[in-house]
1. Give me the residue from region A:410-434 that is assigned to a loop (DSSP other than H, G, I, E, B) and more than 13 Å from every other protein chain (Cβ to nearest Cβ) and, out of that set, modelled with the highest pLDDT.
2. Which residues, taken from region B:130-181, are among the small types (Gly, Ala, Ser) and farther than 21 Å from B:Asn115 by Cα?
3. Answer yes or no: is there a residue in region A:103-118 that is of a type outside the set (Ser, Thr, Tyr), open to solvent by 10 Å² or more (accessible area, probe 1.4 Å), more than 10 Å from every other protein chain (Cβ to nearest Cβ) and touching a strand residue (DSSP E or B) at 6+ places or on another chain (Cβ under 6 Å).
4. From the set of residues in region A:1-26 that are more than 14 Å from chain B (Cβ to nearest Cβ) and not in a helix (DSSP H, G or I), which is farthest from the chain's Cα centre (by Cα)?
5. So A:Gln406 passes all but one of these: (1) closer than 27 Å to B:Ser111 by Cβ; (2) surrounded by fewer than 19 Cβ atoms within 10 Å (Cβ to Cβ). Which condition number does it fail?
6. Please specify each residue of region A:48-80 satisfying the condition of being of a type in the set (Ser, Thr, Tyr) and open to solvent by 70 Å² or more (accessible area, probe 1.4 Å).
7. What is the one condition in (1) within 28 Å of A:Phe428 (Cα to Cα); (2) modelled with pLDDT under 95; (3) in contact with a helix residue (DSSP H, G or I) (Cβ under 8 Å, 6 or more places away or on another chain); (4) in a helix (DSSP H, G or I) that B:Val211 does not satisfy?
8. Can you list residue pairs whose Cβ atoms sit under 6 Å apart, with the first residue in region B:351-362 being assigned to a helix (DSSP H, G or I) and the second being surrounded by fewer than 18 Cβ atoms within 10 Å (Cβ to Cβ)? Count only pairs 6 or more apart in sequence or on different chains.
2 protein chains.
Amino acid sequence: MEKIKKITLSEKEMPTQWYNITADLPNAPLPMLNPKTKQPATPEDLLPIFAEELVKQEFSTSPFIDIPEEVQDLYRLWRPTPLVRAYALEKALDTPAHIYFKNESTSMAGSHKPNTAIPQAYYNHRQGIRRLTTETGGGQWGSALSFAAKHFGLELTVFMVRVSYEQKPYRKLMMQTWGAEVIPSPSRRTATGRKILHETPDTPGSLGTAVSEAVEMAISDPGTNYAIGSVMNHVLLHQTVIGEEALKQMEKAEEMPDVVIGCFGGGSNFAGIAFPFLRQKLTGKHNLRVVAVEPLSCPKLTQGTFRYDFGDTVGLTPLLPMYTLGHTFTPASIHAGGLRYHGAGIATSQLLKDGYIEAASVPQTETFQTGVLFARTEGIIPAPESAHAIAQAIREAKRAKEEGKQRTILFNLSGHGLVDLYAYEQYFAGKLPS
Amino acid sequence: MEKIKKITLSEKEMPTQWYNITADLPNAPLPMLNPKTKQPATPEDLLPIFAEELVKQEFSTSPFIDIPEEVQDLYRLWRPTPLVRAYALEKALDTPAHIYFKNESTSMAGSHKPNTAIPQAYYNHRQGIRRLTTETGGGQWGSALSFAAKHFGLELTVFMVRVSYEQKPYRKLMMQTWGAEVIPSPSRRTATGRKILHETPDTPGSLGTAVSEAVEMAISDPGTNYAIGSVMNHVLLHQTVIGEEALKQMEKAEEMPDVVIGCFGGGSNFAGIAFPFLRQKLTGKHNLRVVAVEPLSCPKLTQGTFRYDFGDTVGLTPLLPMYTLGHTFTPASIHAGGLRYHGAGIATSQLLKDGYIEAASVPQTETFQTGVLFARTEGIIPAPESAHAIAQAIREAKRAKEEGKQRTILFNLSGHGLVDLYAYEQYFAGKLPS
């Protein structure tokens, strides 16, 4: 076909259903467990803090779930996103490989997170919920949810890890511009926060603490629910709009990927790009490799163990059967904040255990070398998280060159790095641990 | 037509020519003058610092100029940009007006500046130039040129006003990530800089000084040229790709604007959106109003005088016949750094003098109120500069409501504000002068 840089879809071609991979898993995963009873968790366990429709989705075994019209309307603010052929990167690598990326950095928040923020705000609003709470570390998730909550007239309280609150003023400002209340965590607003501040007044905070504060606030008020940015099934479900679009776009490009790559934190952008392609694999339509890429410093997929573990640090969530480094694991303070999570979630863990996907890990310096190369070729300065996916794509492209084989590579560019430039500064200054 | 949020074009529909409004001006503007001889400036006056092809464009009277294939290829990294119907903003204003905006924030640099950075780097590269110099205040222009220069293998030295260099680390980091050398101005690298540092070692610097340093370096080395981000004809020419796309997109939307709006600094984004629509007006095809919007604190169009003046503060450039506040005018330190320029350039000034366009001014607080409203409705946090155009669009939409008339409004969203969030912080803190 003719040389086209961006394979686009019209708004009419936007997917109208999310894909639920649970329906197609060859081996059904073990159930979540209620941490008190050690019995399989039920929808009732989740209803105190999540909207009913989201709980239904969490337990659903239907392969496709309709995207509500109101959500599609908001997706149209930036979706469908372009699928881009990385000609300039290919040239720089002198590789026979065809490299494609799905550009999820084009959303208002600069990442894929609005794909789930919008439906979560929508379902809570429709149920009459007045306020949402959440936590944020780096701030990608908090900023995405801020816009979504404002749109549906919901109040939003974001507990932002104190050290991030102080070091990442731009993310905080994005949230405030969209109308959210942003509170450094630990805070005096919750019993958890007050206890921690009493014991360690100078603590920099942690994501685990912030989760606990957000959940505590949601439990204590019937008009308040909690929203989560990754790990859970319903979140991964919403992100599959990425891969459903990419499938159509690869068809337009008259190619199918030999390998699909996503960076991996809690799994949401990875599932978003990968699950629709995995459907092709699981249903025998198209064979391909799928690679989840994690930081070397937080290697749950490549070095973790498969067992029941909590989703949060404190131990409030149901127990999840997954690859984990242990819920008290403290990863190094790398710049890819979105990938500093101890566990892999249920569906991804089952797929890895059963050999349907692979995992790879990348040291931090390689990701920043990659980020700079990508910026200077394709123009976009990538988020440190996304640079992990690019780094793996480059490894695959180099291997293709060594083997003298054409190979079609697809990765997800989950976000841009314009609000994370301080990380590049550290890299240029030679201050980054690998 | 059906309710579509974004009117898009395929890469095949991208314009292949820029539009040169000089060919269609009813009254030919006065010539630029050589400041020493007071005679009309000639191409020879400009050749020491600009590429030949750019000088030809500067003096061209052809209505259309072909966009080189290599430039089109790079435009495809993000172009065509979407034309967006601002349904959510219309709803918030409860107006019968149809509001459209051209979204130029989708480029790698987050603004319209790459539209001219790329051809400028291309023509200089083709001519065998080794290095470019430029100045930057806010950093939009410097960051756009950094990517373009890197792509064509040119070295780039950016003189960044010292106070911005210190206060806007993210813009500096964008330039460095794309491989540019960024120097705080005044610097010890030029005679101008050394003189100023000797006299006033603690000066915060100024755009005028930075221009002088960049031009001095370009003059003193035959392999080095200077690149400019606005004001001159060839720069405005390159930006018309914006309006040419928007014309096609409005036709797809089956509407034509009653009013076209752009914010106004040196004129590049304004010309970009407005000149192709002005062609329709000047050639009698479609009547419409065109409004250039400036900050109340830098009111050259609404309160300046039409006369010959220098383009820079120091007085190195040819004398330009234009509306000006005087080349030594020091505007207040507003956050819309791109609009703090004393003069209006030749073509825009002639159009205003002859009554083909209008001008309006907006106080700073109104622009930030507007920016927050736009962020909370349409999702995009606008650059402080672009918020001036939105503010005027809102005024027009409110007037349409008062008059009970449908009216079609088009404005240019020249850039996003993600790297300018410190400005929103000042606004939220109540620290902004109007």
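The values are calculated or read from the model by the stated rules, or taken from the named source; none is laboratory data. No experiment lies behind these values; they were computed from the predicted model shown. So basically every Cβ, Gly included, is an ideal-geometry build from the backbone, and we count neighbours across all protein chains shown. These area figures cover heavy atoms from the full protein model, side chains too; ligands, DNA and RNA do not enter into them. Shrake-Rupley method; radii C 1.70, N 1.55, O 1.52, S 1.80 Å.
1. If we filter region A:410-434 for residues that are assigned to a loop (DSSP other than H, G, I, E, B), which is where we start, we get A:414, A:417, A:429-434.
Adding the requirement that they be more than 13 Å from every other protein chain (Cβ to nearest Cβ) leaves A:414, A:430-434.
Numbers: A:Ser414: 98, A:Gly430: 90, A:Lys431: 87, A:Leu432: 82, A:Pro433: 74, A:Ser434: 64.
Among those residues, the one meeting the criterion is A:Ser414.
2. B:Ser164
3. Step one: of region A:103-118, the residues of a type outside the set (Ser, Thr, Tyr) are A:103-104, A:108-110, A:112-115, A:117-118.
Checking which are open to solvent by 10 Å² or more (accessible area, probe 1.4 Å) leaves us with A:103, A:108, A:112-113.
Then keep just the ones that are more than 10 Å from every other protein chain (Cβ to nearest Cβ); that gives A:112-113.
Within this subset, residues satisfying the condition of being touching a strand residue (DSSP E or B) at 6+ places or on another chain (Cβ under 6 Å) are none.
No, region A:103-118 contains no residue that is of a type outside the set (Ser, Thr, Tyr), open to solvent by 10 Å² or more (accessible area, probe 1.4 Å), more than 10 Å from every other protein chain (Cβ to nearest Cβ) and touching a strand residue (DSSP E or B) at 6+ places or on another chain (Cβ under 6 Å).
4. Going through region A:1-26, the residues more than 14 Å from chain B (Cβ to nearest Cβ) turn out to be A:15-26.
Add one more test, that the residue is not in a helix (DSSP H, G or I), and what stays is A:15-20, A:25-26.
On the way: A:Pro15: 19, A:Thr16: 21, A:Gln17: 19, A:Trp18: 16, A:Tyr19: 16, A:Asn20: 16, A:Leu25: 20, A:Pro26: 24 Å.
In this case the residue turns out to be A:Pro26.
5. Every condition holds for A:Gln406 apart from (1).
6. Applying the first criterion (of a type in the set (Ser, Thr, Tyr)) to region A:48-80 yields A:60-62, A:75.
Listed by number, the list holds a single entry, A:Thr61.
7. In the conditions (1) within 28 Å of A:Phe428 (Cα to Cα); (2) modelled with pLDDT under 95; (3) in contact with a helix residue (DSSP H, G or I) (Cβ under 8 Å, 6 or more places away or on another chain); (4) in a helix (DSSP H, G or I), B:Val211 misses (3) alone.
8. Qualifying pairs under 6 Å: B:Lys353/B:Phe306.
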